[in-house]
C-alpha cells in the first residue's frame, strides 16, 4: 500500500486573528501564499527580515505555495498583461520559495479569466507563454507548478479535466494540476476524475465552504475523496484552504481550531487507510 497522503495547512492572511505561530508543528506541512508572505517585489533586505520572521513562527515544513499572482496589477492573460512585471516577479518568487524548501507552487485558475471582448485564442497563447516562464524558473529550483482549475466558466480551465488538457498543451515536466473540492462541487464534477490520470495531480484543497473540515456536514464527502486518493496512490498533500471559524462560538481561537481540525483529519485518514489493510 502507498504511503498515506500528507495533511497541510494553508495560512498567511489576517495574522491578527489567525496568528501563524499558533499553528504549531504537528501538521505534516504547510502552504504559504506567495504575494502575502514571500512578496517578490520587496527588496532583498526586506525579504531577509521577512524570512527570519517566517522561520521564527515554528511552522511545520513549508512545502507548498499558493496564489502565485496577486495584487500590484499582476495578470496572466488579457490586454493589460505586463510581461516586464511578470519577468521580474517570477524568477524572484521561485528563488525565494526555494529558500523556504517549497516543492509545489499552486496558481489559482482565476488568474486565467478571459476579459469580456478579449480573444480566447490570444488569452490561451498568453497563458501558455506565462506557464513556460514559470516552468523555466520552477525547474531551475526543482519546484513543480500546480494549475488550480477554478469553476468560473470565463477562465481557460474551469474544470479539473480542462486543467489537465491545458497542462498537456504546455508540455513541461514541472507543470501539473491541483484539485479543489469546492470547485468540483460548484460545477458538479465527479471526484473520480482525479483518478483518471493520477500522475497529473500534485496537490489537493479541501474546506467546508464556510469553515474548516469538521465544522460542517462533509464527512462522507471527505471519506469518498480520501478513498479515491488512497486507491490512486496519491502521496502529495491535502491542504485545508479554509475560512477558519470558531466551532465553540465567540472569538476564533486559531490554535485550538487548527489542532482540532488536524485531529479530525488524522482520524479520518487513518480510518480510510485501515479499510484497505
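The values are calculated or read from the model by the stated rules, or taken from the named source; none is laboratory data. Please read all numbers here as calculations on a predicted model, not as lab measurements. Neighbour counts run over all protein chains shown; Cβ positions are idealised from the backbone, glycine included.
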| task | Only residues that are under 20 Å from the mean Cα position of the chain (by Cα) and within 27 Å of residue 129 (Cβ to Cβ): list them for region 42-76, please. | result | 64, 65, 66, 67, 68, 69, 70, 71, 74, 75, 76
| request: Of the numbered conditions (1) farther than 24 Å from residue 20 by Cβ; (2) assigned to a helix (DSSP H, G or I), residue 233 fails exactly one; give the number of that condition. | output: (2)
| Under the condition of being surrounded by fewer than 16 Cβ atoms within 10 Å (Cβ to Cβ) and at pLDDT 95 or above, which residue from region 257-277 is nearest to residue 24 (Cα to Cα)? | 263
| request: Filter region 171-207 for residues that are crowded, with 21+ Cβ neighbours inside 10 Å and part of a loop (DSSP other than H, G, I, E, B) and give the result. | output: 174, 207
| Condition check for residue 106: in contact with a helix residue (DSSP H, G or I) (Cβ under 7 Å, 6 or more places away or on another chain) and closer than 30 Å to residue 154 by Cβ | no
| said: Can you tell me which condition residue 126 does not meet? The list is (1) within 30 Å of residue 188 (Cβ to Cβ); (2) under 20 Å from the mean Cα position of the chain (by Cα); (3) without any contact (Cβ under 8 Å) to a residue 60 or more places away in the chain, and all the others hold. | reply: (2)
| query | Just checking, how many residues over region 36-69 are without any contact (Cβ under 8 Å) to a residue 40 or more places away in the chain and surrounded by fewer than 20 Cβ atoms within 10 Å (Cβ to Cβ)? | reply | 16
